[in-house]
1. Pick from segment 420-446 the residues that are small (Gly, Ala, Ser) and under 20 Å from Lys397 (Cβ atoms): which of them is farthest from the chain's Cα centre (by Cα)?
2. Within the set of pairs 6 or more residues apart or between chains, which connect a residue that is without any contact (Cβ under 8 Å) to a residue 24 or more places away in the chain inside segment 265-286 to a residue that is among the aromatic types (Phe, Trp, Tyr) and part of a loop (DSSP other than H, G, I, E, B) with Cβ atoms less than 9 Å apart?
3. Being at pLDDT 95 or above, buried (at least 22 other Cβ atoms within 10 Å of the Cβ) and farther than 26 Å from Asp200 by Cα, is that true of even one residue in segment 339-352?
4. Quick test for you: out of Leu288, Leu276, Leu299, Leu271, pick the one residue that is of a type outside the set (D, E, K, R), in contact with a Pro (Cβ under 8 Å, 6 or more places away or on another chain) and modelled with pLDDT of 75 or more.
5. Is it fair to say Tyr240 is closer than 25 Å to Arg359 by Cα and either assigned by TED's automatic domain parsing to the domain that holds Pro307 or assigned to a loop (DSSP other than H, G, I, E, B) (or both)?
6. Looking only at segment 266-280, count every residue that is in a helix (DSSP H, G or I) and among the basic types (Lys, Arg) and tell me the total.
7. Hey, could you check segment 223-246 for residues that are under 29 Å from Lys171 (Cα atoms) and touching a Leu at 6+ places or on another chain (Cβ under 6 Å) and say which is surrounded by the most Cβ atoms within 10 Å (Cβ to Cβ)?
8. I'd like to check something: does segment 161-182 contain any residue that is over 30 Å from Glu59 (Cα atoms), at pLDDT below 95, hydrophobic (A, V, I, L, M, F, W, C) and in contact with a Pro (Cβ under 7 Å, 6 or more places away or on another chain)?
Amino acid sequence: MHRSLGRRLGFGAVAAAAAITFAAPAHAAAPTVSLLVPGVTVAAGAATQVEPLLWADREVSVDDWAMTLELTGDLDGVAFVDPADEFADCQVDSPQKLTCTDPFTFDLSTTVTGTAFTPEIAASEAALGRTGKLTATFTGAGITTVTTSTDLTVAEGVDLVAGNEATVSAKPGDNFTTKLQVTNNTDKVVHGASLIFATDYGYAAPNEFSNCLYRADQLRACTFGQDLQPGATYEVTVPYLLRKDTAAPDEVFGEFQWLTAGDYDDLVKLLADRGLPGLGDPGTGDALPLAAKPAVRALTKQTDTNPDDNWQNVTVTSVGNQGTDFSAMPVTAKGAMGGTVDLPVGVRNNGPATLDWSRSADPAAAVIVTIPAGTQVTTVPAGCERSTDGSQQTNPKAVQYACYSSSLFPAGSVVTYDFRVKLVANVTNAQGLIEVNPPCECSRFSHDIDKTNDNATIVINPGRVVTGTPYHSPVRKAP
């Protein structure tokens with residue numbers, strides 16, 4: 001089964017870029033919902049899954065919603081497949097029109113999400129070369145109807161198959177290479193191929209190539225213009241550097257996806273048409289070669305594309321012994337009753353290793369802030385919220401806030417959360433506490449190499465010496 005661009009990339013650059021660039025109108029009277037359908041390429045004689053993407057300018061629950069998809073243009077021989085989806089009620093109104101509803105509420109937020117249904121569009125062999133439009137319309141209670149269109153093309157189907165998973169070992173700061181293979185698993189010549197890179201922070205590109213795209217020193221994509229012969233296997237050797245601040249021992253993951261030239265062009269066009277960030281900037285130097293190898297797979301005649309076998313994973317085993325040391329930074333402030341004071345709550349990664357939790361998307365640092373008694377918070381910084389459950393509370397009797405960093409926390413960097421509090425009493429030695437990654441039964445970094453500096457005090461109007469330490473609860477299970 002051939003799948004649409006968004007599904008082939010697992011939302012990838014499309015969803016991430018859409019979420020980043022979405023801007024909410026100021027003081028919008030009603031939620032603003034956005035809809036995006038990635039470009040669709042159907043293999044002649046096969047079917048393609050379509051997955052519309054939705055997001056909103058705020059959290060919103062949509063009742064009585066419906067999604068209508070309609071085909072227009074020169075699309076004889078192209079039609080919706082009668083669905084059999086137990087999670088959504090989709091009805092083929094005509095070969096060119098399909099409507100999906102769901103009895104459950106559709107929860108949307110600023111994060112791009114797919115729908116509970118993946119309609120299929122099929123094309124006959126005779127439809128090869130036909131083009132048209134796929135139009136999607138989303139309606140629901142309390143929102144303005146939103147409509148979008150995308151190109152639909154019926155193309156020749158081929159099957160690129162990626163190589164097997166591999167593992168290499170390196171010490172932080174060492175160079176290493178990844179060997180990535182692709183096989184043309186059809187009886188047709190494949191005219192060009194592209195490679196998409198999704199690697200952890202530890203992968204750094206020490207060299208640039210003219211046929212590749214980069215974001216700083218991270219390799220994002222490469223294109224190869226040569227023909228791939230039927231049944232033939234090709235290999236590219238990509239040089240890498242394991243960053244000096246990579247944790248060790250640890251594992252650093254890379255995912256590599258092969259696309260046909262046409263599918264890659266669809267991706268680039270989609271990003272450009274929607275005003276989304278591109279894949280990267282062109283590199284300099286010579287071109288990175290894709291070399292032919294003896295075929296290692298049997299030739300299988302297929303007319304559809306199977307993108308599920310386009311991925312190759314490479315795991316780098318980081319050898320050595322270096323970890324991450326977070327330290328909380330103490331805060332002292334002075335003020336009079338009725339006034340306000342700033343509390344810059346800071347966390348530093350002393351290294352030597354950068355903490356990269358990007359693959360799980362969990363925050364690298366969870367910071368629990370206990371507000372001093374006799375004060376009232378007037379400004380809550382971005383990334384922080386009032387603690388409400390066991391994973392966010394270490395002292396249920398105190399006023400606490402939970403602050404979360406991004407998933408990547410580089411060695412040597414500092415993150416600061418600027419609280420402002422009003423003094424509602426005459427206070428001396430009013431103490432609070434900053435705790436970095438305190439224990440919890442939840443997904444949280446727990447291998448700090450020096451836990452003695454994970455906590456720091458907040459003191460307002462320091463005076464006499466206060467002995468003892470603020471209350472700290474035992475591990476609590478997150479609900």
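The values are calculated or read from the model by the stated rules, or taken from the named source; none is laboratory data. What you see is a predicted model, and the numbers here were worked out from it, not measured in a lab. Note that we place each Cβ from the backbone using ideal geometry, even for glycine, and neighbour counts take in every protein chain shown.
1. Ala425
2. As it stands, the answer is none, since no pair meets every condition given.
3. Checking segment 339-352: at least one residue is at pLDDT 95 or above, buried (at least 22 other Cβ atoms within 10 Å of the Cβ) and farther than 26 Å from Asp200 by Cα.
4. The match here is Leu271.
5. In short, yes.
6. Final tally of qualifying residues: 1.
7. By that ranking, first place goes to Tyr234.
8. no
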